[in-house]
Amino acid sequence: MVFWAPAIAAGISNVFPEVFHALCARHFLGNLKSVSKRVKSYEWHYWKMYKAYRKSDFDHHYGILARHIPDSARTLTTVEFNRWSRHHADRVRYAYLTSNSAESMNALSVHARKLPITMLLKFFRASVQQWFWEHRNTADGLTTPVTPYAECKLGKRNPKSISWTVKPISQVKFEVLDMKKGGKVNLQDKTCTCKQWQFSGIPCGHVMAVARYFVLRNVTTHVQKYFHTETYKSAYMEDINPLDHISEWIDPGHLQTVLPPLVTKRQSGRPKSTARIPS
Ligand SMILES: [Zn+2]
């Protein structure tokens, strides 16, 4: 079984040299399940391993899989860890571990994909126009410095850290005791040894405990700019305009006429379904 397509990764690095190629956690799990039915019993450990921020957490859950479903664990090693594990990723993946957004686009355009290319482009343009309008309205209604997503994450992490103890090391470095593995926060480097702050872009409980130690410091200042409300607003600032009617287009006089491809012979058999091949 092929677990990933190196040709796709090569194509992506050619066209988009600045981005990295990673696997969708859900599809990867689906492929593993097709190899062994026993994977289902260890799904919780799979997700813990995939999402782990700390290497020690990754190793712990990988070790459990290796002990109980060794064949599947070995299969995991056929794909480089940096292509799937959040801890090992070459770039920050934040919470983006699946291809759900691409699947949403697939679901949205399932009928439009059968249209001629010009109508398909019109469909996507109209969809983007609507999204920009809706998101801009949402953004205009926000009164918090960070997005609702970041607010929600902070709200969940905050209560957990209330009883944690902060021990200063220097003006910018702090040790935080949490009854588990603890964390060392560096406010200058914007890092914590639990890795959650730098890998998710949103302060971990250790950073929140340090912010509380300083009483007046607002923890939202430690949220990466990608989750700021101002960033959200600026992402949808532009208008997406429709084209005028074709009769009102201005012909610059040097456009090339694109002819349809020559169809020489119809292929035998039933036409191939346009549905995507399942994972
Ligand atoms: Zn931390």
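Below, the figures for the structure above:
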quantity: Paired Rg and Dmax values of the stretch 1-151, which use every Cα atom, in angstrom; calculated: 19.2, 54
quantity: Check: the stretch 109-242 dipole with +1 on Lys, Arg Cβ and -1 on Asp, Glu Cβ, in debye; calculated: 540 debye
quantity: Relative contact order for the stretch 1-116, counting Cα pairs under 8 Å that sit 6 or more residues apart, in percent; calculated: 26 percent
quantity: 29 Å Cα-Cα threshold exceeded, pairs from 55/156; 48/233; 195/225; 190/233; calculated: 48/233
quantity: Expected-Rg normalisation [2.2 N^0.38 Å, Cα atoms] applied to the stretch 208-259; calculated: 2.48
quantity: Cα pair distances in the stretch 142-279, grouped into 5 Å bins until the bin that holds the longest one, percent each; calculated: 2, 8, 13, 14, 10, 6, 6, 6, 5, 6, 6, 6, 6, 5, 2, 0
quantity: Charged-residue dipole, Cβ positions (Lys, Arg, Asp, Glu), the stretch 6-83 about Cα centre, Debye nearest 20; calculated: 360 debye
quantity: Cβ-defined net charge surrounding residue 225, 13 Å radius [Lys, Arg +1; Asp, Glu -1]; calculated: +1
quantity: GNM top mover of 159, 252, 148 - the chain, alpha-carbon springs below 10 Å; calculated: 252
quantity: Charge sum, other residues only, whose C-beta stays under 11 Å from residue 35's C-beta, Lys/Arg counted +1 and Asp/Glu -1; calculated: +3
quantity: Proximal lysines to residue 114, defined as alpha-carbon separation beneath 18 angstrom and excluding residues fewer than eight positions away on the same chain; calculated: 122, 272
quantity: Translational diffusion of the stretch 126-211, µm² s⁻¹ [Kirkwood Rh, Cα pairs; Stokes-Einstein; 37 °C; 0.692 mPa s]; calculated: 225 µm²/s
quantity: Normalised contact order of the stretch 142-236, rounded percent, pairs of Cα under 8 Å and 6 or more residues apart; calculated: 29 percent
quantity: Distance between the stretch 108-143 and the stretch 12-47 - C-alpha centres, whole angstrom; calculated: 29 Å
quantity: Longest site-free stretch - the chain; sites: GluC sites (Glu not before Pro), DSSP loop, at most 16 other Cβ within 10 Å; calculated: 81-237
quantity: Cα extents of the chain along the three principal axes, largest first (Å); calculated: 75, 51, 29
quantity: Student exercise, the chain dipole from Lys, Arg, Asp, Glu Cβ charges, in Debye to nearest 20; calculated: 1440 debye
quantity: Residue-normalised accessible area of the stretch 6-83, expressed per residue, 1.4 Å probe, Å²; calculated: 58 Å²
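The values are calculated or read from the model by the stated rules, or taken from the named source; none is laboratory data. From a predicted model like this one, the values you see are computed outputs, not experimental measurements. Backbone-built Cβ (ideal geometry, glycine too); neighbour counts: all protein chains shown. All accessible areas refer to the heavy atoms of the entire protein, side chains included, with ligands and DNA or RNA removed. Shrake-Rupley method; radii C 1.70, N 1.55, O 1.52, S 1.80 Å.
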